[in-house]
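K.L.:
Below is one structure. I have some questions about it.
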Amino acid sequence: MSELSTEHARPADPVGRVLYSIAKWLAIFGGLVLCAMALLTSVSVVGRSVFLQPVPGDFELVAIGTGLAVFAFLPWCQLVRGNVLVDFFMSAAPLGLRIFADIVGGLVYLLIAALLTWRMYFGGWDMYEYNELSMTINFPRWTTFPISILMMGFLTVVIVYTIGRSIAEMRAGRYFDTPGDAG
């Protein structure tokens, strides 16, 4: 994660290629959701200023959409080394140390992602059991949890893959997706 490839080289192994494709489409989905949220916000602001009538629950819908978009972006960011960029501190470090930092960062991130996935399951289940609704539009809050849990579970799989990739890079002495980076 200390090196950010500008080319986003597609992994050569079959597992990496599948994860790459899924992560790419999830990121596109997240971008479309954010575009929809921007459009919703624009319509609400125009409605508020021109017609004195905003879109009811606009802030709730934007919060829900933004949350989904963030979960959709995380696997892609992890796969292309875009989550934790510490070039300021690590750019002068030897390649082996940078890759070691990637492994340690990946292990910490794996722990956090697994914990969040596990706890989101129970949080979503509680919202379902108590039929928790949003304040303005009475949107059932639990309905976004299943897809969010799936995306977090996918992120966890991607992190395991990237840790494995970093271990293989450590053994090879080079980054696999950064041309010409041999130290």
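The values are calculated or read from the model by the stated rules, or taken from the named source; none is laboratory data. All values derive from a computational prediction rather than experimental measurement. Every residue, glycine as well, gets a Cβ built from its backbone with ideal geometry; the counts of neighbours run over all protein chains shown.
K.L.:
It is to be established whether one or more residues within the stretch 132-142 are in contact with a strand residue (DSSP E or B) (Cβ under 9 Å, 6 or more places away or on another chain) and polar (S, T, N, Q).
P.N.:
Looking through the stretch 132-142, at least one residue is in contact with a strand residue (DSSP E or B) (Cβ under 9 Å, 6 or more places away or on another chain) and polar (S, T, N, Q).
K.L.:
Here's another thing I want to ask about it. What number goes with the only condition from (1) of a type in the set (S, T, N, Q); (2) surrounded by fewer than 13 Cβ atoms within 10 Å (Cβ to Cβ); (3) more than 23 Å from Ser166 (Cβ to Cβ); (4) modelled with pLDDT of 95 or more that Ser49 does not pass?
P.N.:
Every condition holds for Ser49 apart from (4).
K.L.:
Okay, moving on. Name the residue, out of Ile147, Ile163, Ile103, Ile112, that is within 30 Å of Asp177 (Cα to Cα), part of a helix (DSSP H, G or I) and free of Cβ contacts under 8 Å to residues at least 12 places away in the same chain.
P.N.:
Every option except Ile112 fails the conditions.
K.L.:
Determine, yes or no, whether Phe122 is over 20 Å from Gly30 (Cα atoms), exposed (fewer than 13 other Cβ atoms within 10 Å of the Cβ), at pLDDT 95 or above and not hydroxyl-bearing (Ser, Thr, Tyr).
P.N.:
yes
K.L.:
In this structure, is Met135 of a type in the set (A, V, I, L, M, F, W, C), touching a residue at least 24 places away in the same chain (Cβ under 8 Å), within 30 Å of Phe59 (Cβ to Cβ) and touching a Ser or Thr at 6+ places or on another chain (Cβ under 6 Å)?
P.N.:
no
K.L.:
Just wondering, is there one or more residues in the stretch 30-43 that are part of a helix (DSSP H, G or I), over 16 Å from the mean Cα position of the chain (by Cα) and over 25 Å from Pro140 (Cα atoms)?
P.N.:
So far as the stretch 30-43 goes, no, none of its residues is part of a helix (DSSP H, G or I), over 16 Å from the mean Cα position of the chain (by Cα) and over 25 Å from Pro140 (Cα atoms).
K.L.:
Take the residues of the stretch 152-169 that are closer than 10 Å to Ile103 by Cβ and in contact with a Leu (Cβ under 8 Å, 6 or more places away or on another chain): which is surrounded by the most Cβ atoms within 10 Å (Cβ to Cβ)?
P.N.:
Ranking the qualifying residues of the stretch 152-169, first place goes to Thr162.
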